[in-house]
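Asker: Structure below; questions to follow.
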Amino acid sequence: MKKGYYIYVENCGSSGVMNKIKMQMDTFSRHLDIHSIQIPNKKSSLFRKVHNMLPWASFEREYGRVLKQMDNPDFVYIRRTYIDRDYIAFLREIHARWSTCKIIVEQPVYPYDKDMLRSPYTAIQYIKELLYRRHYKDDVDRFVTYSDDDEILGVKTIRTMNGVNVSEMRMVHNDQEYDPKGINLITVATLVAHHGYERVIEGLYQYYHNGGERNIVFHIVGDGPEKKRYADMVKKYNLEAHVVFYGAKYGEELDKIYDIADAGLAAFGSYKEGVDKLCTIKVREYFAKGLPVVLGCEDNLFLGEAKQYGLILPNDSSAIDISKVLSFLDSIYTDKPRIEVNNEIVELARRTVDNEVTLRPVIEYINSKVTNI
């Protein structure tokens, strides 16, 4: 069994990112001798923190401590972080110590240039990207990507998609059959600009303004900087009976909201970042729970076997066409019991987005005789 390490930086992201790492580790450990190592941040003064943002400086991380924990690895799997001189030196040192070790870096989003230019802080890090990412081709054996690229920055890729551990997802449970007169839509998300849920609220307004008669309720679970904007829109359009804000919910409280849902809503603001295709964990969670999904941009999951359970709407600023959403749901639920639909979707999820499927190409590369770089 090949031996290696899953490496990620301290404060690498949200609780969702940490849950993804846990799920990946659970799957990898069934096939590989793998251990996780976090790269700790060094304690720095405010002056040092400001200085380290300069293009030629590096984040103060304890790469040496990580190297001391490693013992003759066959591979390392690294979750991409902001690149700088010390990070490249770390990758180079791994190859210097263990020449046959395969270095695999996961690129959760690609291309990421526009995403990095979204804020002043990440724009500063982007300067470092431009300076140092040309070294990737010398120090990385494969990028794991959810894009269609065969090569990124001169590095060959392993193409796959985001996955979840389907067996750990609780399937929705609703004893009531689908009621076309009462539709429940859910989103569980941090409410930020690129989620674009103003398009859904605008779509609801237009639906009722044009004489729509069905009772549609949009259940928004989560908090974030866009919440006030959404709430103001709901008040302006008198949609209080059709949009419910829950704030952040977990466990049984969240399960109860999921159980009344007819569909999960993905992000609708990808156009704001120039992104044409997404591969999000949240969509796969909806799917693993047995829910059809409405999306605002392309996702490879719904271009194949699962096509009938995903509605892909235009990736622009237009209001969501609620009539299309209703027709989509009618086509799914009208001729089948709800439980049958839920079970079919979960079985599809096992075949398409379970980590045993999505991580298989990575595991096969690690176990292959293909030499590094």
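The values are calculated or read from the model by the stated rules, or taken from the named source; none is laboratory data. All figures in this text were calculated on a predicted structure; none of them were measured in a lab. Cβ coordinates were reconstructed from backbone atoms using ideal geometry, including for glycine residues, and neighbour counts include every protein chain displayed.
Asker: Among residues belonging to segment 27-47 that are assigned to a helix (DSSP H, G or I) and surrounded by fewer than 14 Cβ atoms within 10 Å (Cβ to Cβ), point out the one that is nearest to the chain's Cα centre (by Cα).
Answerer: Out of the qualifying residues, it is L46.
Asker: Residue by residue through segment 126-135, note down the ones that are within 30 Å of L301 (Cβ to Cβ) and without any contact (Cβ under 8 Å) to a residue 40 or more places away in the chain.
Answerer: Y126
Asker: Then there is this: Quick check, is T160 over 30 Å from F328 (Cα atoms) and polar (S, T, N, Q)?
Answerer: In short, no.
Asker: Those residues that are of a type outside the set (D, E, K, R), touching an Asp or Glu at 6+ places or on another chain (Cβ under 9 Å) and within 27 Å of K22 (Cα to Cα), I need them from segment 333-352; list them, please.
Answerer: Within segment 333-352, L348, T352 meet the criteria.
Asker: Among the listed residues D276, D223, D259, D232, which satisfies the condition of being surrounded by fewer than 16 Cβ atoms within 10 Å (Cβ to Cβ) and within 30 Å of E356 (Cβ to Cβ)?
Answerer: Result: D276 is the single residue among D276, D223, D259, D232 that is surrounded by fewer than 16 Cβ atoms within 10 Å (Cβ to Cβ) and within 30 Å of E356 (Cβ to Cβ).
Asker: I've got another one for you. For segment 129-151, what are the residues that are touching a helix residue (DSSP H, G or I) at 6+ places or on another chain (Cβ under 8 Å) and β-branched (V, I, T)?
Answerer: Answer for segment 129-151, where residues must be touching a helix residue (DSSP H, G or I) at 6+ places or on another chain (Cβ under 8 Å) and β-branched (V, I, T): V140, V144.
Asker: What residue, of I363, I373, is modelled with pLDDT under 95, within 30 Å of T100 (Cβ to Cβ), outside the structural domain of Y208 (by TED's automatic domain parsing) and of a type in the set (A, V, I, L, M, F, W, C)?
Answerer: Among I363, I373, only I373 is modelled with pLDDT under 95, within 30 Å of T100 (Cβ to Cβ), outside the structural domain of Y208 (by TED's automatic domain parsing) and of a type in the set (A, V, I, L, M, F, W, C).
Asker: Restrict the check to segment 96-108 and report whether at least one residue is modelled with pLDDT of 95 or more, of a type in the set (A, V, I, L, M, F, W, C) and part of a helix (DSSP H, G or I).
Answerer: Yes: segment 96-108 contains one or more residues that are modelled with pLDDT of 95 or more, of a type in the set (A, V, I, L, M, F, W, C) and part of a helix (DSSP H, G or I).
Asker: Which ones in segment 18-59 are among the aliphatic types (A, V, I, L, M), touching a residue at least 60 places away in the same chain (Cβ under 8 Å) and within 30 Å of I366 (Cα to Cα)?
Answerer: M23, L32 - these are the residues of segment 18-59 that are among the aliphatic types (A, V, I, L, M), touching a residue at least 60 places away in the same chain (Cβ under 8 Å) and within 30 Å of I366 (Cα to Cα).
Asker: Would you point out the residue of segment 87-98, among those that are farther than 20 Å from F59 by Cβ and free of Cβ contacts under 8 Å to residues at least 40 places away in the same chain, that is surrounded by the fewest Cβ atoms within 10 Å (Cβ to Cβ)?
Answerer: Selected residue: A96.
Asker: In this structure, is V325 in the same structural domain as Q24 (by TED's automatic domain parsing), part of a helix (DSSP H, G or I) and in contact with a strand residue (DSSP E or B) (Cβ under 9 Å, 6 or more places away or on another chain)?
Answerer: Spelling it out, it is not the case that V325 is in the same structural domain as Q24 (by TED's automatic domain parsing), part of a helix (DSSP H, G or I) and in contact with a strand residue (DSSP E or B) (Cβ under 9 Å, 6 or more places away or on another chain).
Asker: For segment 149-188, which residues satisfy the criterion of being small (G, A, S), surrounded by fewer than 20 Cβ atoms within 10 Å (Cβ to Cβ) and closer than 25 Å to L313 by Cβ?
Answerer: If the condition is that a residue be small (G, A, S), surrounded by fewer than 20 Cβ atoms within 10 Å (Cβ to Cβ) and closer than 25 Å to L313 by Cβ, then G182 is the only one that fits.
Asker: Which ones in segment 110-125 are in a loop (DSSP other than H, G, I, E, B) and without any contact (Cβ under 8 Å) to a residue 12 or more places away in the chain?
Answerer: Correct list: Y112, L117, S119.
Asker: Scan segment 314-373 for residues that are under 30 Å from E213 (Cα atoms) and among the β-branched types (V, I, T) and report the count.
Answerer: 8
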